[in-house]
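Written below as structure tokens is the structure these notes are about.
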Amino acid sequence: MIDKTVADNRLLHGGDYNPDQWLDYPEILKDDLRLMKLAKANTFTLGVFAWSALEPTEGEFQFDWLDERIEAIYQMGGRVILATPSGARPAWMSKKYPEVLRTTENRMKMLHGGRHNHCFSSPIYREKVAIINRKLAERYGNHPALLMWHISNEYSGDCHCELCQDNFRNWLKKKYGTLDKLNHAWWGPFWSHTITDWLEVESPSSIGESMVHGLNLDWKRFVTDQTIDFYKHEIVPLREISPSIPITTNFMADTHDLIPFQSLNYSEFAKHVDIVSWDCYPAWHNDWEETKDLAAKVGFINDLYRSLKQQPFLIMESTPSGVNWHDVNKTKRPGMHLLSSMQFIAHGSDSVLYFQWRKSRGSSEKFHGAVVDHDNSETNRVFQEVSAVGGALEKIAEVKGTHKQARVAIVYDWENNWALNDAQGFSDSTKQYPQTLQKHYQSFWKKDISVDIVTLNQELASYDLVIAPMLYMMSLDTISKLENYVANGGTLVSSYISGLVNETDLAHLSGWPATLKRIFGIDVKETDTLYPKDRNTLTYNGKQYEIKDYCTIFERKEANILATYMEDFYQENPAVVENCYGKGKAYFIGARTEQAFLDDFYEELQKEGNLDSEREILHKEGVSVQRRDSAECYYLFVMNFTEQKQAVTLKESFFDLLTQEIKQEQIELLPYEVRVLKREK
Ligand code: GLA
Ligand code: ZN
């Protein structure tokens, strides 16, 4: 598929706009246009959840209101991202065709209501979606205001109805061909679970089977494929009628720890969208972590979604203030809105879009942050801060389309996360695969070293350093990919709980896989899982570091020992090793360490690989510098994620795009202040 880009040279600023909620309020609709200009907003996402306004009764369509809004936005100089409305459907449809509604995992048929409550298999739902999407494409596909298609909304969830069971069985037949193969992959004889007829296959359920790991894994894979299949069905008329308009669907994160969304494999989904877009809602100013630590997590997840296509992405939703669904919905402190918006751009976004333009008057989102509050005023603080972001985006518009370049990659694998979370063993409360990756990432974020977060589909050869901790599930293909990478000169870091099962979640036989033994020069024997309060210690370079949760017990073969355990029955055994393999090097970190160890360990690798040689800005912890590059120049986003003033030293002189001044030597950043500095190459 050809990657398309958004045909507008501005950084996008605006967001979800729901005039369909305000059709009885002409004054409000009129005021929207005035306020949009004042907010320096240029892009609006229309039509998300607008099906009942578009097709109030079956087969009778009403587009006048949408015609008028799109035209008005266009006349104002704005552009439109048009959504297909399949995320929620009109009540008449659920009533007349109950098959469109979901069946839950405990085989309960849902009533009409909520959203994202539809069956991805239902032929009727697919037919209804095809009709409305074609109508939208025919009417707006060639409208000059149309910038992009936004398919549905935050695809998620699964359906366990009979239609979906049939599709699952067919998917399995295609994958395995024979029941023998399926039974082997699922370890059938265990608890007498051998299947003798495809019709005996049932999706995982809390009232039925939930402990066959191969089944669970395949169900998740199927749900991803089925969701993508539904998406592909949605885009048929759009591609046909408006082939040059890029298509996206908004991805998500799981919010408390801001880790990748769990239940769909976005590395598969990303192959089918033209541009990755996603909805980012960090809990700024929370009471469990420091601003800088949350900022590093935001960096991690943006780098992951950017790396899915290795091109600029879009922030499709964010909030100007707070949300309505965190445990505590705290508002952003003054300055945080500009800082956090610039952080998106710094990590490769070409937009700052919001949910939502205007606070709805009723229902569950009436107190969710918005650009325009119930006071309908442009004088309140939030509106003013939004408008300041609009102004800043205009000043830095030239960064649009520029890229980030990284020599370091961290591997994140969705399927590995599924399998590891499913594994009964270790400790459910401490597995924390994505959180562990965030910790490794921090050691680079603190040093302003760009990192790509890649999946196993992606090429590794261009990276100097590949970090792949906790890769519990490794197929033989993955292992040979890693072997090639190291043999050809790459540096690889692995850790505890790696290489234990294959791609169907069956344990590797004959101990740790032979190729891994060769790459790392060790033989892994046991993984010791500790209680949350247990501690051990390792010594590395003459210093001691606390370790917890997991300790791998392994035999050294060819590897050099870098650290040893200080306590317990594996006292003095190796804890961290390095091994030369082919033209490259491999490191194995046997235990979960405190952050200081990762920082010191990676500092050695950073020096050895000359990874931080280009640092031109020096600062204390809590300031982050992120870089985007064009052919002629580069941009450094200097961001203060602390509540204190920060002195920052510039080794070169730069042009500050926000203040339009030359900056050199020493500058001071106020709490939450951000600078965007430019320099010719
Ligand atoms: C999601 C949805 C939006 C809205 C926001 C609220 O991202 O896509 O429709 O509900 O959450 O934060
Ligand atoms: Zn279904």
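The values are calculated or read from the model by the stated rules, or taken from the named source; none is laboratory data. None of the values given here were measured: they were computed from a predicted structure. Here the Cβ positions follow ideal geometry from the backbone for every residue, glycine too, while neighbour counts run over all protein chains shown.
Data for the structure
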| item | result |
| --- | --- |
| Matching option when the condition is within 16 Å of ligand 1 (Cβ to nearest atom), over 27 Å from TRP219 (Cα atoms) and small (Gly, Ala, Ser), among ALA50, ALA88 | ALA50 |
| Exclusive hit being among the acidic types (Asp, Glu) and exposed (fewer than 14 other Cβ atoms within 10 Å of the Cβ), set GLU616, GLU632, GLU604 | GLU632 |
| Near pairs, Cβ below 7 angstrom, 6+ apart or cross-chain, from region 242-261 (without any contact (Cβ under 8 Å) to a residue 12 or more places away in the chain) to any residue that is part of a loop (DSSP other than H, G, I, E, B) and not aromatic (Phe, Trp, Tyr) | ASP254/GLN262 |
| Inter-residue pairs, beta-carbon under 7 Å, first closer than 21 Å to ILE235 by Cβ and of a type outside the set (A, V, I, L, M, F, W, C) and in region 86-99, second within 15 Å of ligand 2 (Cβ to nearest atom) and part of a helix (DSSP H, G or I), 6+ apart | SER86/VAL129; ARG89/VAL100 |
| Entirely in region 49-98, the helices (runs of 4 or more DSSP H) that have 2 or more residues that are within 16 Å of ligand 2 (Cβ to nearest atom) | 91-96 |
| Qualifying positions in region 546-580 - in contact with a Lys or Arg (Cβ under 9 Å, 6 or more places away or on another chain), in a strand (DSSP E or B) and under 24 Å from VAL486 (Cα atoms) | THR552, ILE553, PHE554, GLU555, PRO574, VAL577, GLU578, ASN579 |
| Region 149-190, residues that are within 30 Å of ILE241 (Cβ to Cβ), of a type in the set (A, V, I, L, M) and away from ligand 1 (no atom under 16 Å from the Cβ) | LEU163 |
| Residue count for region 53-82, restricted to those that are touching a helix residue (DSSP H, G or I) at 6+ places or on another chain (Cβ under 9 Å) and either among the hydroxyl-bearing types (Ser, Thr, Tyr) or within 16 Å of ligand 1 (Cβ to nearest atom) (or both) | 3 |
| Residue that is nearest to the chain's Cα centre (by Cα) [pool: residues in region 525-545 that are in a loop (DSSP other than H, G, I, E, B) and not hydroxyl-bearing (Ser, Thr, Tyr)] | PRO532 |
| Residue match in region 118-135 (condition: at pLDDT 95 or above, within 16 Å of ligand 1 (Cβ to nearest atom) and within 27 Å of the chain's Cα centre (by Cα)) | yes |
| Scan of region 354-368 for residues that are within 11 Å of ligand 1 (Cβ to nearest atom) and within 18 Å of HIS13 (Cβ to Cβ), ordered by number | TYR354, PHE355, GLN356 |
| Selected residue [of a type in the set (Asp, Glu), in contact (Cβ under 8 Å) with a residue 40 or more places away in the chain and either buried (at least 20 other Cβ atoms within 10 Å of the Cβ) or under 21 Å from ILE259 (Cβ atoms) (or both)] from ASP464, ASP448 | ASP448 |
| Residue match in region 196-212 (condition: of a type in the set (Gly, Ala, Ser) and more than 20 Å from ARG102 (Cβ to Cβ)) | no |
| Residue list for region 221-257, filter: within 16 Å of ligand 1 (Cβ to nearest atom), in a loop (DSSP other than H, G, I, E, B) and at pLDDT below 95 | THR255, HIS256 |
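One line per residue, one yes/no per condition, for (1) within 13 Å of ligand 2 (Cβ to nearest atom); (2) touching a Lys or Arg at 6+ places or on another chain (Cβ under 7 Å); (3) not in a helix (DSSP H, G or I):
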{"residue": "ALA130", "(1), (2), (3)": "no, no, no"}
{"residue": "MET148", "(1), (2), (3)": "no, no, yes"}
{"residue": "ASP166", "(1), (2), (3)": "yes, no, no"}
{"residue": "GLY188", "(1), (2), (3)": "no, no, yes"}
